[in-house]
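For reference, the structure discussed in these notes is given below.
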Amino acid sequence: QVQLVESGGGLVQAGGSLRVSCAASGRTFSSMSMAWFRQAPGKERDFVAAINWSGGRTSYADSVKGRFTISRDNAKNTMYLQMNSLKPEDTAVYYCAARRYLTVAAHPDEYNYWGQGTQVTVSS
């Protein structure tokens, strides 16, 4: 079993920056690929970014490409999402997810474990 706990969400003005973290425990962190998804009220859960087991391969949604950076520290069992140039449309609950495979994936059905989410609110 894997437990994922997000932290670092909050309120920020448009144009600002925020970093959210995902701490993992349980199954070997370095053997899993990880991702961030987000869900705004009344909308589906959307892919944001993914990273493979080593951190050597990443993937981003077009809406965040060039503004967000996903990374991981396998020694600390932690994944990060650095968010810059934030926009009001980035407002959502951000979820951390893990899958029992080494490669990245962009669909939520591909992920086996989920965190409880952390709220990110960007004011205009």
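The values are calculated or read from the model by the stated rules, or taken from the named source; none is laboratory data. The shown structure was predicted, so the numbers you read here are calculated from the model rather than taken from an experiment. No Cβ is skipped: glycine too gets one built from the backbone with ideal geometry, and neighbour counts run over all protein chains shown. Protein only, heavy atoms only, side chains kept; ligands, DNA and RNA dropped before computing areas. Shrake-Rupley method; radii C 1.70, N 1.55, O 1.52, S 1.80 Å.
A few remarks follow.
- Counting only strands (runs of 3 or more DSSP E) that fall entirely inside region 16-58 and contain at least 2 residues that are at pLDDT below 95, the qualifying elements are 18-26.
- Test set (1) in contact (Cβ under 8 Å) with a residue 60 or more places away in the chain; (2) in contact with a helix residue (DSSP H, G or I) (Cβ under 6 Å, 6 or more places away or on another chain); (3) of a type outside the set (A, V, I, L, M, F, W, C) - N74 fails condition number: (1)
- Scanning region 77-104 for residues that are out of contact with any strand residue (DSSP E or B) (no Cβ under 6 Å at 6 or more places or on another chain), closer than 22 Å to G55 by Cα and modelled with pLDDT of 95 or more gives a single hit, N84.
- When the residues of region 69-103 are filtered to those that are among the small types (G, A, S) and within 23 Å of G56 (Cα to Cα), the one that is most open to solvent (accessible area, probe 1.4 Å) is A75.
- A count restricted to region 109-124 and to residues that are assigned to a helix (DSSP H, G or I) and among the polar types (S, T, N, Q) stands at 0.
- Every condition in (1) open to solvent by 70 Å² or more (accessible area, probe 1.4 Å); (2) in contact (Cβ under 8 Å) with a residue 60 or more places away in the chain; (3) assigned to a loop (DSSP other than H, G, I, E, B) is met by A106 except one, and the failing one is (1).
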